[in-house]
1. Given the residues ILE50, ILE5, ILE78, ILE83, which is the only one that is among the aliphatic types (A, V, I, L, M), surrounded by fewer than 20 Cβ atoms within 10 Å (Cβ to Cβ) and at pLDDT 90 or above?
2. Considering every residue within the range 66-74, establish whether at least one is assigned by TED's automatic domain parsing to the domain that holds ASN16, assigned to a strand (DSSP E or B) and within 24 Å of ASN34 (Cα to Cα).
3. Please enumerate the residues belonging to the range 193-229 that are closer than 16 Å to ASN11 by Cα and loosely packed, with under 15 Cβ neighbours inside 10 Å.
4. Can you tell me which of (1) crowded, with 19+ Cβ neighbours inside 10 Å; (2) in contact (Cβ under 8 Å) with a residue 60 or more places away in the chain; (3) more than 26 Å from the chain's Cα centre (by Cα) is the one THR44 doesn't meet?
5. Scanning for something of a type in the set (Phe, Trp, Tyr), without any contact (Cβ under 8 Å) to a residue 40 or more places away in the chain and farther than 30 Å from SER8 by Cβ, does the range 164-179 turn up at least one residue?
6. Can you tell me how many residues in the range 11-41 are surrounded by 19 or more Cβ atoms within 10 Å (Cβ to Cβ) and either under 25 Å from the mean Cα position of the chain (by Cα) or part of a helix (DSSP H, G or I) (or both)?
7. In the same structural domain as ILE210 (by TED's automatic domain parsing) and closer than 17 Å to CYS225 by Cα, is that true of VAL55?
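The values are calculated or read from the model by the stated rules, or taken from the named source; none is laboratory data. Please read these numbers as outputs of a predicted model, since none were measured by experiment. For neighbour counting, all protein chains shown are included, and Cβ atoms are generated from backbone atoms with ideal geometry for every residue, glycine included.
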Amino acid sequence: MPAIIDLSLLNISCVNVNSLRAHLHDVEIELSSNKTHILALTETWLTPDIESSCVSIPNYNLIRNDRDLRIDGRKRYIQGGGIACYLDKSLIYTILECSNNVSINDPEYLFLDVKASSHNILIIIIYRRPEGHLLSEFLDKFNSYVSIFKNIIITGDLNFDLLNNSFESNYLQNFITDYSLFSVPFGPTHYSGLACSQLDVMIVDSSAKIVAFSKSSSPFAAGHCLISIQYQFDNLSRPQQTVTYRDFANCDYLSLSNDLVAHLRLKLSNLSPSETGNRASYLDPSEPTNSLKVPYDCLTSTLNTHAPFVTKQIVHRSIPWLTSNLRASIRKRDKLFMRAKRSRNLLLLEQYRISRRELKNVEDCEK
């Protein structure tokens, strides 16, 4: 098993490659020159009869979801489609979902759980052909994972032009808003003659995690630019903290009280002759230093026996902004999602989305 790399920053790219075999050399250059950790590809044009060894790249794992559609039942495959992902071999991954690709009009998708250091991230690659079906099946799958992962990236070529005000672009914008996601503002990502559009997207869970983003200065393949982001995980690793305190867990309070009284009597009875004449000063409030010394020494000595100091490391530090009311709201939101999922009730699902959006806004303000 490969070692888990200790990364808090991932370089992630995506491009409509328009035949991986035709652009394999360009892809290899991109991976090596930019130290890309994850490269998502749409329109690979790979089919099940093409071995992965034909498009393998050293130090990367290739995960594929080919379009397995034939022309009228014949042996020849329909050209186009197919999605894939090159993952740095130091990253551990699990395939969660992949589309069946039984219809040319259905969106093709691939869900990956990628582990980098102590962080898990949901990587979703999706391709929708022009004028293809909308994302109904994809949304059903996405709803199963959105509450599990706190790090999410959705990328691919959806053929929804975000630069144009249309039903399809509004459909995608509503999805982004409903799930409190963020679409990286690349601007035009596809050029056809003098026309331009934003068909290729990178949608993430939070804009705060985007350190930098860019697109290729010229189209990579078939008019599509390669888009890239640097994604930074929340810094959950804090400096180790230790705390020292008296351990009263196994303290016998009656024994402590008796020993303290005995110590005080012994101390006062053993005062030297010079001290005996000044015994009253030990109990005189006008002499605070003398008044406190004897009881303090006796109390310290007794506590050291019955409740000694211990030093321990704090494993989980408290989160001040996560109040009991906020925890209750989170539980209420999660229960709403489970009810909506079990009953497939669209009204409950809409209530869950509203609750999640409101709660996210509250969390952002509290932080």
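1. ILE50
2. So far as the range 66-74 goes, no, none of its residues is assigned by TED's automatic domain parsing to the domain that holds ASN16, assigned to a strand (DSSP E or B) and within 24 Å of ASN34 (Cα to Cα).
3. SER207, ALA208, VAL211, ALA212
4. Failing condition for THR44: (2).
5. Within the range 164-179, the subset of a type in the set (Phe, Trp, Tyr) is 167, 171, 175, 179.
Right, trim to without any contact (Cβ under 8 Å) to a residue 40 or more places away in the chain and you get 167, 171.
When the remaining residues are screened for being farther than 30 Å from SER8 by Cβ, the result is 167, 171.
Yes, because at least one residue in the range 164-179 is of a type in the set (Phe, Trp, Tyr), without any contact (Cβ under 8 Å) to a residue 40 or more places away in the chain and farther than 30 Å from SER8 by Cβ.
6. Total meeting the criteria: 14.
7. On the way: in the same structural domain as ILE210 (by TED's automatic domain parsing): yes; closer than 17 Å to CYS225 by Cα: no.
No, not satisfied.
Per-residue answers, yes or no, for (1) at pLDDT 80 or above; (2) touching a Phe, Trp or Tyr at 6+ places or on another chain (Cβ under 6 Å):
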site: GLN313; (1), (2): no, no
site: SER318; (1), (2): no, no
site: ARG333; (1), (2): yes, no
site: SER343; (1), (2): no, no
site: LEU346; (1), (2): yes, no
site: TYR352; (1), (2): yes, yes
site: LYS360; (1), (2): no, no
site: CYS365; (1), (2): no, no
